[in-house]
Amino acid sequence: MTSASTNRRRALIAAAGVSVTALALAGCTAGGGDPEATGGTLTIGTTEQVTALDPAGSYDNGSFAVQNQVFPFLLNTPYGSPDVEPDIAESAEFTGPTEYTVTLKPDLTFANGNDLTASDVKFTFDRQVAIADENGPSSLLYNLDSVDAVDDTTVVFNLKSENDQIFPQILSSPVGPIVDEDVFSADSLTSDDDIVAGNAFAGQYVITSYDFNNLISYKANADYDGLLGEAKTDTVNVKYYTDASNLKLDVQEGNVDVAHRTLSATDIDDLRGNDNVKVVDGPGGEIRYLVFNFNTMPFGATTAEADPAKALAVRQAIANLIDRDAISEDVYKGTFTPLYSYVPEGLTGANEALKSLYGDGNGAPDADKAAAVLEAAGVTTPLDISIQYVAERYGPSSSDEYAIIKDNLESSGLFAVNLQSTEWVQYSEDRVADLYPAYQLGWFPDYSDADNYLTPFFLTENFLANHYDNAEVNDLILEQAVTADPAAREALIGEIQDKVAADLSTIPYMQGAQVAVVGSDVEGTEDTLDASFKFRYAALSKG
């Protein structure tokens, strides 16, 4: 993946006649969160894995969970809200049609004593674009032209298109953690060990001990001067599990205080009846989907039998066969519900574009329709297809989830499925190296807007790196991002979903809620299990 600097992206849609959107955001009082004193120790368990601490080298929930605790953001979401406000900034506003100006609070520092200035901010975003790592979030900066550090506290983001409705949210997303220019490399990823050794943190916590995907120890950062305020617990230890059943056992026996992502639906149901723990439910937004690599899938562009029409027929046939209700009820006990759109239900602009196009038109599978599509395209059946999934990444139910999908395809007589599972770190490398013709992914939103379910996936240069390229979809995505009229923007979001549903770059099929299981003496979970989809350890306390 190269940077967000293609000609197509430069040719952003001109929002003619649209006035500058004044998104001035009032600066908050320093340390404006809960003034409760810190203290105590909390242990959190998770099966989420970390790919990299460097914000330029990861774009996954496990890594972002760590980054959210230790790196500061210019803008962030306060507890209980999906809306962004200044974090380490005093103010942030459009000062011109394509000029977004952020003023930092004075005298900010990193935990290592280095000053945190506008120069670090410019460095942060310049390196994201320069590195453009395949597993990184740099594609979110598609509308960023350049960054100017005017003085020590003033930063100007020069945007390619006017009236960007999304940019403030993007500054709070995985591409937004501010890093120390004296510790991080300008043009390559910085190792986890170098980041920890450099103590390059300025969030609510610093990392005091780091054992990759085994144990991370955090200590509250007394110098954090931002929106979220002081941490309620001084020391937090996060244990990483490879087996969710062990995590369940530890939380019900009190060996960990909080289990956050990902217990099985059966285990969560069981724990709801346990008086020693509390099951806390938060708003949904997580989705599951099947990705097709347009180069290496059957009849893909780089295969010996390359045929775009046949490749599309294969994707359409699979879309006709997936039984969402069976996955929802048999595997997830209703904790995940069927999803027929790219933007999940509940967000403005969501539709059910796939429901009428595929299956029986009412959400159920239709094998006859799948067979007709393949026959019309001249595809000989049964067709061999390899599908990859990752069990520990999306919870222990993934195996059952993909067993159903395999059965859906094979029981039709149309496919012979080679189903494989790989551990997450290797998976994240292989999927962007074109090794998987079709594969499972999940999405946990960066911010609460339909854009976050479109831009990262379907721009020509997207994080999926699946070689999907539809110029019309690309331009519509750019257009919705700069359309100020809500009704017009919603219509564009619907149109994008309709077009992608016809192409089937991916097949979304499940939507789920956030769940944490905590000890009966743990407080604060409801405050952070919110629509921002950022789980902040600093909100939690015990006893």
Ordering E286, E345, E85 by accessible area with a probe of 1.4 Å, largest first, what comes out? E345, E85, E286
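Using only helices, what value at 222 nm comes out for the chain when you add -39,500 (n - 2.57) per DSSP H run of length 4 or more and divide by the total residues, to the nearest 500 deg cm²/dmol? Each step should come with its number before you reach the end.
Working: 16 runs with 141 residues, N = 543.
Rounded to the nearest 500, it is -7500 deg cm²/dmol.
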I'd like the accessible area for Y241, computed on protein heavy atoms only with a 1.4 Å probe and all protein chains in place. Round to 10 Å², please. 20
For a quick check of your reading of the filter: which trypsin sites (Lys or Arg not before Pro) in segment 318-373 sit in a DSSP loop and have no more than 16 other Cβ atoms within 10 Å? K333
Working from the pairwise distances between different alpha carbons, so that the mean of 1/r is found and then inverted, what is segment 175-241's Kirkwood radius in Å? 13.1
Using alpha carbons only, how many degrees (0 to 90, rounded to 10) separate the axis of helix 308-321 from the longest principal axis of the chain? 80
When the distances between all Cα atoms of segment 252-305 are binned every 10 Å from zero, what whole-number percent does each bin get? 17, 33, 14, 15, 15, 6
Computed ³J(HN,Hα) along segment 112-117: with the Karplus parameters 6.51/-1.76/1.60, θ = phi - 60°, integer Hz and x for glycine or proline, the list is 7, x, 5, 5, 9, 10
How far, in degrees from 0 to 90, does helix 61-70 lean away from the longest principal axis of the Cα atoms of the chain, to the nearest 10? 10
Other residues with Cβ under 12 Å from the Cβ of A301 give, with Lys and Arg +1 and Asp and Glu -1, a net charge of -3
Express in Å², to the nearest 10, the accessible area of D145 obtained by rolling a 1.4 Å probe over the protein heavy atoms while all chains stay in place. 100
Under the rule of at least 5 residues apart or a separate chain, name every residue whose amide H is placed under 5 Å from the amide H of G359. N320, D366
³J(HN,Hα), Karplus 6.51/-1.76/1.60, whole Hz, each residue of segment 354-366, x for Gly, Pro: 7, 5, 7, 7, 10, x, 7, x, 10, x, 8, x, 8
Accessible-area order for H467, H260, largest to smallest, probe 1.4 angstrom, reads H467, H260
Solvent-accessible area per residue, Å², over the chain with all protein chains present [probe radius 1.4 Å]: 34
In whole Hz, with x marking every Gly and Pro, tabulate ³J(HN,Hα) for segment 503-508 from phi via Karplus 6.51 cos²θ - 1.76 cosθ + 1.60, θ = phi - 60°. 7, 6, 4, 9, 10, x
Return the equivalent ellipsoid semi-axes of segment 431-543 as a descending list in whole Å, where each equals the square root of 5 times an eigenvalue of the C-alpha gyration tensor. 33, 20, 11
When the label point is put 7 Å from the Cα of T41 along its Cα-to-beta-carbon vector, which residues of segment 217-237 have a backbone N closer than 13 Å? 217-219, 234-237
Scaled radius of gyration (Cα, divided by 2.2 N^0.38 Å) that the chain gives: 0.95
Does segment 287-512 classify as rounded, prolate or oblate by the C-alpha gyration tensor (a ≥ b ≥ c root eigenvalues; a/c under 1.5 gives rounded; else a/b over b/c gives prolate, otherwise oblate)? rounded
Added length on full extension, which subtracts the Cα-Cα distance from 0.36 nm per residue, D270 to N158: 35.1 nm
Show the residues, 5+ positions off or on another chain, whose built amide H is closer than 5 Å to the amide H of V256. V251
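Could you work out what % of the accessible surface of the chain is carbon and sulfur, using a 1.4 angstrom probe and leaving DNA, RNA and ligands out of the count?
It is 46 percent, rounded to a whole number.
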For segment 202-358, what is one quarter of the convex hull surface built on the Cα atoms, given in nm²? 14.4
So how far, in whole Å, is the C-alpha centre of segment 315-357 from the one of segment 151-211? 35
Cβ-Cβ FRET estimate between T95 and A197, R0 fixed at 60 Å, reported to 0.05: 0.95
Classify segment 103-158 as rounded, prolate or oblate from the Cα gyration tensor: take a ≥ b ≥ c as the square roots of its eigenvalues, call it rounded if a/c is under 1.5, otherwise prolate when a/b beats b/c and oblate if not. oblate
Once amide H atoms are placed 1.01 Å from N in the peptide plane, what residues at a sequence separation of 5 or more from S146, or on another chain, have their amide H within under 5 Å of its amide H? N158
Rounded to the nearest 10 degrees, the helix 471-481 long axis (Cα) sits at an angle to the longest Cα principal axis of the chain of 40
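The values are calculated or read from the model by the stated rules, or taken from the named source; none is laboratory data. The structure presented is a predicted model; accordingly, all values stated were derived computationally and were not measured. Every residue, glycine among them, receives a Cβ derived from its backbone with ideal geometry; neighbour counts consider all protein chains shown. Note: accessible area is taken over every heavy atom of the protein model, side chains too, but ligands, DNA and RNA are not part of it. Shrake-Rupley method; radii C 1.70, N 1.55, O 1.52, S 1.80 Å.
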